[in-house]
Amino acid sequence: MKYLRKLCGTTDVSKIADGTLTGIVNSLNTDKEARGWKTSTVSFKDCTGTELTYGLEGFLDAKVVPEATTDKIGMEFKTVVAANGGSGYCALFMVHWERRFGGIVFGYDFGNVAHFRRNGKTYYIRFL
């Protein structure tokens, strides 16, 4: 028992998932999948299958994309702050090349934070 206790450690894991080893492993796998890149050639909303015009993805499509695609290429971060459907969002992004930009966005709805980028005609988003 002493060996098993040392092997398992003494950290309380009861608050992770359902508190069982199976639940914890499943949670880790689910979190990894949720944090993976989602892509689309249509929009950020299409990356995640969001149909609503508001929300974090809608903010990126409606506010950040127009700002980034009309901005000059630069090696400094630009900021877009706006409300979209009631929630406030802030995006920090950098334009790398024509139609190529990326950055992070966060909002006050459920504490969402996402890493996003657009490379030519492809949109990428992953939640952190």
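Here, each number is a calculation from the coordinates, and none is a lab measurement. Please read all numbers here as calculations on a predicted model, not as lab measurements. Please note: Cβ atoms are built from the backbone with ideal geometry, for glycine as well, and neighbour counts cover all protein chains shown.
Working from the Cα coordinates of the range 36-102, the gyration tensor eigenvalues give, after taking √(5λ), semi-axes of 20, 15, 9 Å in decreasing order. Near residue 120, once Lys and Arg are set to +1 and Asp and Glu to -1 for all other residues with Cβ below 13 Å from its Cβ, the sum equals +4. What number comes out for the charge environment of residue 39, summing +1 per Lys or Arg and -1 per Asp or Glu over other residues with Cβ under 12 Å away? Residues near residue 39 contribute +4 overall.
The stretch between residue 112 and residue 98 holds 2.3 nm of extra length on full extension. This uses 0.36 nm per residue minus the Cα-Cα distance.
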